[in-house]
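The values are calculated or read from the model by the stated rules, or taken from the named source; none is laboratory data. Just so it is clear, the model here is predicted, and its values are computed rather than measured. Backbone-built Cβ (ideal geometry, glycine too); neighbour counts: all protein chains shown.
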Amino acid sequence: MILLDRVTKVYNRSNTALDRISLHIEPKEFVIIVGKSGAGKSSLLRLLTREERPSSGKIIIGGIDYDKLKDRDIPLLRRKIGVVFQDFKLLPQKTVFENVAFALEIVGYGNKEINHTVPRVLEIVGLTGKEKRMPMELSGGERQRVAIARAIVRQPKILIADEPTGNLDPKHAWDVIRVLEKINRYGTTVLLTTHNQDIVNRLKRRVVTISDGRIVSDRANAEYHSR
């Protein structure tokens, strides 16, 4: 599903963000990526979504070889990859339903498909009954769950959750994590980046640790102790 072979990303002479990283993630895995700020996690995610290109090395995702990927095909690639950010990025003047529906509208879904799909996705993330609420009427955890619904409404094969609990209190953080686990059980590959030791250690999932642009640990059922 996700294959990186000796991938390097150099921004300038004094900044090598990633240094010959090799990583293989199977379909339907739930993988946590950890590391201090500046370790290279964000650069890795930008390469996976093709916001940036590697300086060297090979990336293959879902059978798509990034070396052969034409610019016109990048939107199609991104439909296979849902992304959730720390800061929600919701449209403040749209309701919960409209925020999620927007992800379908921009790729040409009709009203019938939207009205069928959006309620099902809102049920998955536990927001049934809040379709008409505005983002500012929701808690932080609920807003993040709207963002997750928007990210998965096109049924991506991969969901990248970049510090999705960074702005949330522990209860709402765990609400979000439980939703990610549920999505993973439905068959979506989940990549979670987090600084939260408690989440990493209680989830007991595969943990990939990045330090100074290199993978220094890749272990199943691992715990994480930041220093």
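Evaluating Pro27 against the criteria (1) farther than 30 Å from Leu122 by Cα; (2) loosely packed, with under 15 Cβ neighbours inside 10 Å; (3) in contact (Cβ under 8 Å) with a residue 60 or more places away in the chain; (4) in contact with a Lys or Arg (Cβ under 8 Å, 6 or more places away or on another chain) leaves one unmet condition, (1). Asn99 fulfils the conditions (1) part of a loop (DSSP other than H, G, I, E, B); (2) in contact (Cβ under 8 Å) with a residue 12 or more places away in the chain except for a single criterion, (1). Does Asp67 fit the bill of being out of contact with any strand residue (DSSP E or B) (no Cβ under 6 Å at 6 or more places or on another chain), at pLDDT 90 or above, in a helix (DSSP H, G or I) and over 30 Å from Pro135 (Cα atoms)? Judged against the criteria, Asp67 is a match.
Looking at Glu142, is it buried (at least 18 other Cβ atoms within 10 Å of the Cβ), out of contact with any helix residue (DSSP H, G or I) (no Cβ under 6 Å at 6 or more places or on another chain) and free of Cβ contacts under 8 Å to residues at least 40 places away in the same chain? Yes: the conditions hold for Glu142. Considering Pro54, Pro92, Pro27, the condition of being part of a loop (DSSP other than H, G, I, E, B) and closer than 16 Å to Met1 by Cβ is satisfied by Pro27 alone.
Yes/no per residue for (1) at pLDDT 95 or above; (2) outside the structural domain of Leu44 (by TED's automatic domain parsing); (3) farther than 22 Å from Leu47 by Cβ; (4) surrounded by fewer than 23 Cβ atoms within 10 Å (Cβ to Cβ):
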{"residue": "Ala149", "(1), (2), (3), (4)": "yes, yes, yes, no"}
{"residue": "Pro164", "(1), (2), (3), (4)": "no, no, no, no"}
{"residue": "Asp169", "(1), (2), (3), (4)": "no, no, yes, yes"}
{"residue": "His172", "(1), (2), (3), (4)": "no, no, yes, yes"}
{"residue": "Asp175", "(1), (2), (3), (4)": "no, no, yes, yes"}
{"residue": "Tyr186", "(1), (2), (3), (4)": "no, no, yes, yes"}
{"residue": "Thr189", "(1), (2), (3), (4)": "yes, no, no, no"}
{"residue": "Leu192", "(1), (2), (3), (4)": "yes, no, no, no"}
